[in-house]
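The values are calculated or read from the model by the stated rules, or taken from the named source; none is laboratory data. Source: prediction; values computed, not measured. Quick reminder, even Gly has a Cβ in these numbers, built from the backbone with ideal geometry, and neighbours come from all protein chains shown.
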Amino acid sequence: MERREKGMRVKSIFTGTFKIILAFDNGEYRLLDIKQFLQNDNMGKLAEIRDEIDMFRTAFIDENSGTVA
């Protein structure tokens, strides 16, 4: 993924089966498939998300940082 432009923030997200569509404030959309990251974590929070799709779907935008939480 390209470096984010200064001031470019995530304004909304749409979750699916371990994929997130990120909508940025400049009108761009990006698809992020996080399955590869989930497969490499066997103990942390990502492992919990990997095993429970409903938890993954609770992702939201952190208003202070403009990132996915």
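Taking the numbered list (1) part of a loop (DSSP other than H, G, I, E, B); (2) at pLDDT below 80 in turn, F37 passes all entries but (1). For the stretch 39-55, filtered to residues that are loosely packed, with under 11 Cβ neighbours inside 10 Å and under 15 Å from the mean Cα position of the chain (by Cα), the residue that is nearest to T17 (Cα to Cα) is D54. Looking across T58, T15, one residue alone is polar (S, T, N, Q), surrounded by 10 or more Cβ atoms within 10 Å (Cβ to Cβ), modelled with pLDDT of 80 or more and in contact with a helix residue (DSSP H, G or I) (Cβ under 7 Å, 6 or more places away or on another chain). It is T15. Every test in (1) assigned to a loop (DSSP other than H, G, I, E, B); (2) β-branched (V, I, T); (3) modelled with pLDDT under 80 is passed by I49 save one, and that test is (1).
Applying the criterion of being charged (D, E, K, R) and over 9 Å from the mean Cα position of the chain (by Cα) to the residues of the stretch 18-38, the residue that is surrounded by the fewest Cβ atoms within 10 Å (Cβ to Cβ) is K35.
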